[in-house]
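Beneath this line is the structure, given in structure tokens, with notes to follow.
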Amino acid sequence: MTKKEWPLWEIFIRGQHGLNHRHVGSLHAPDAEMAIRNARDVYTRRKEGVSIWVVPSAAITASAPSEKGPLFDPAESKVYRHPTFFDIPDEVGHM
Amino acid sequence: MYAQMVKSEGMKSLEEMSPEERAFQERVDRGDKIEPKEWMPEGYRKTLIRQIGQHAHSEIVGQLPEGNWITRAPTLERKAILLAKVQDEAGHGLYLYSAAETLGVSRDELMEKLHSGAMKYSSIFNYPTLTWADMGAVGWLVDGAAIMNQVPLQRTSYGPYSRAMIRICKEESFHQRQGYAIMMKMAQGTPEQKEMAQDALNRFWYPSLMMFGPSDKDSVHSAQSMAWKIKMNTNDELRQKFVDETVPQAEYLGLTVPDETLTWNEARGHYDFAEPDWSEFFEVIKGNGPCNEERLGARREAWDKGAWFRDGLTAYAEKAAARRAASNVAAE
Ligand SMILES: [Fe+2]
Ligand SMILES: [Fe+2]
């Protein structure tokens, strides 16, 4: 019996419409090449994508959940970053 | 369901909870998603591993009864469709094993527990598929029952589980419809074909009702799982919903649900129906169903006979990595 477990890979797929690669899930594979083959079988059977990236899960550094506040709260008070913050009169037309 | 009778850890009142546990429960109540690295009660983690693991096992063991008919499908098109359906189920298993792995258990460990009998899979897959009509009944009823439970689970509190459910639900509707399409074809066919369809319904009706598990009205486990939002409805609610949706579909086929007591209850706005034989259910769960040994045997055999191939891929990957490392050194 195989005692050695295959590493985990994170799978990113770019769809038809030119958007960014998007994380779709993960899978086990012995190497990157097999990870791509498996990702093709698991995640693109219904034409979900035109390009696949595979990244070893171990290579991902994630922000710490405990840092949610310090990282993301500062954006809350900066509503002026959204266009709807500014009232532009109708007479001006579309902007 | 695909996860039946999952034991949950003890239920605490808000007052008995530690500050961490209380904060956690409040997040769940608010509808927050819990993500892998975040704090969670040990009971939540353990219950989820049991539930998601059992669900994953059901997906891959569920391939076996249908795999039985791939080589004997009546047309090439039916064969291709069934193959695609069974392949989807492998994918479902994979999504769910991945979700379980985020909780600190490895896929190989889960596999080991399936093969040793320490973990269960759904009782439904311990029934044989005797005729081609069973492919219709399985898609229509078994995948239909699975959908009943999986749709609400898309809103479960655990992020990776919820995302796996969303992916799975996108694919399930194809499964149920291809099954119903087989049933339509058979029910509109020769008298013998219609008879086969009726026979398949007769055999799969009660095992399908059992998929939701025994009544859990008074179960402490269910109450805890519902508070944690890893169970969204009671077993009885889902079973009722399944019967209400399925009976008119059977009528359309011109087939008879094998339950003489089945009646529309105007006052309740639901069908009244007979409970399955729960002693049969407990026997199947214990390992004494018609196909338990065959299913587990097939799983173990696939795992053992695939070992040389998995080992080969690992050896190749290691050699290729060593070669790359050597040529990098040479290039420097
Ligand atoms: Fe499935
Ligand atoms: Fe399915």
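Quick look at the numbers
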| quantity | calculated |
| --- | --- |
| Complete set of residues in region B:101-124 that are under 19 Å from A:W9 (Cβ atoms) and more than 12 Å from chain A (Cβ to nearest Cβ) | B:L103, B:G104 |
| Residue in region A:24-36 that is more than 9 Å from every other protein chain (Cβ to nearest Cβ), out of contact with any Leu (no Cβ under 9 Å at 6 or more places or on another chain) and at positive phi present | no |
| Condition met for B:V86 (within 30 Å of A:E67 (Cα to Cα) and within 14 Å of chain A (Cβ to nearest Cβ)) | no |
| From B:D143, B:D88, residue being outside the structural domain of B:D304 (by the TED database), within 14 Å of ligand 1 (Cβ to nearest atom) and touching a Lys or Arg at 6+ places or on another chain (Cβ under 8 Å) | B:D88 |
| Whichever residue in region B:170-192 is farther than 12 Å from B:G136 by Cα and not charged (D, E, K, R) and, among such residues, is most open to solvent (accessible area, probe 1.4 Å) | B:Q188 |
| Residues of region B:30-55 satisfying the condition of being within 13 Å of another protein chain (Cβ to nearest Cβ) and within 15 Å of ligand 1 (Cβ to nearest atom) | none |
| Unique residue being within 27 Å of A:V42 (Cα to Cα), more than 16 Å from ligand 1 (Cβ to nearest atom) and surrounded by 21 or more Cβ atoms within 10 Å (Cβ to Cβ) when the list is B:S157, B:S122, B:S225 | B:S157 |
| Lone qualifier among A:I52, A:I88, A:I60 - being free of Cβ contacts under 8 Å to residues at least 24 places away in the same chain and either surrounded by 16 or more Cβ atoms within 10 Å (Cβ to Cβ) or aliphatic (A, V, I, L, M) (or both) | A:I88 |
| Matching residues in region B:160-177 - criterion: being within 14 Å of chain A (Cβ to nearest Cβ) and within 12 Å of ligand 1 (Cβ to nearest atom) | B:A164, B:M165, B:R167, B:I168, B:C169, B:K170, B:E171, B:E172, B:S173, B:F174, B:H175 |
| Filter pass, B:E66 being within 16 Å of ligand 2 (Cβ to nearest atom), out of contact with any Phe, Trp or Tyr (no Cβ under 9 Å at 6 or more places or on another chain), at pLDDT 95 or above and not hydrophobic (A, V, I, L, M, F, W, C) | yes |
| Single residue of region B:117-162 satisfying the filter (farther than 29 Å from B:A181 by Cβ and in a helix (DSSP H, G or I)) that is farthest from the chain's Cα centre (by Cα) | B:G159 |
| Out of B:E101, B:E112, B:E59, B:E38, sole residue that is touching a strand residue (DSSP E or B) at 6+ places or on another chain (Cβ under 9 Å) and either under 17 Å from B:A164 (Cα atoms) or surrounded by fewer than 22 Cβ atoms within 10 Å (Cβ to Cβ) (or both) | B:E101 |
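Results for (1) open to solvent by 30 Å² or more (accessible area, probe 1.4 Å); (2) away from every other protein chain (no Cβ under 14 Å), shown as yes or no for each residue.
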| site | (1), (2) |
| --- | --- |
| B:N235 | no, yes |
| B:Q240 | no, yes |
| B:A250 | no, yes |
| B:D259 | no, yes |
| B:E266 | yes, yes |
| B:P276 | no, yes |
| B:E280 | yes, yes |
| B:R300 | yes, no |
| B:A326 | yes, yes |
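The values are calculated or read from the model by the stated rules, or taken from the named source; none is laboratory data. If you're wondering where the values come from, they're calculated on a predicted model, not measured in any experiment. Cβ atoms come from the backbone with ideal geometry, glycine included; neighbour counts cover every protein chain shown. Note: accessible area is taken over every heavy atom of the protein model, side chains too, but ligands, DNA and RNA are not part of it. Shrake-Rupley method; radii C 1.70, N 1.55, O 1.52, S 1.80 Å.
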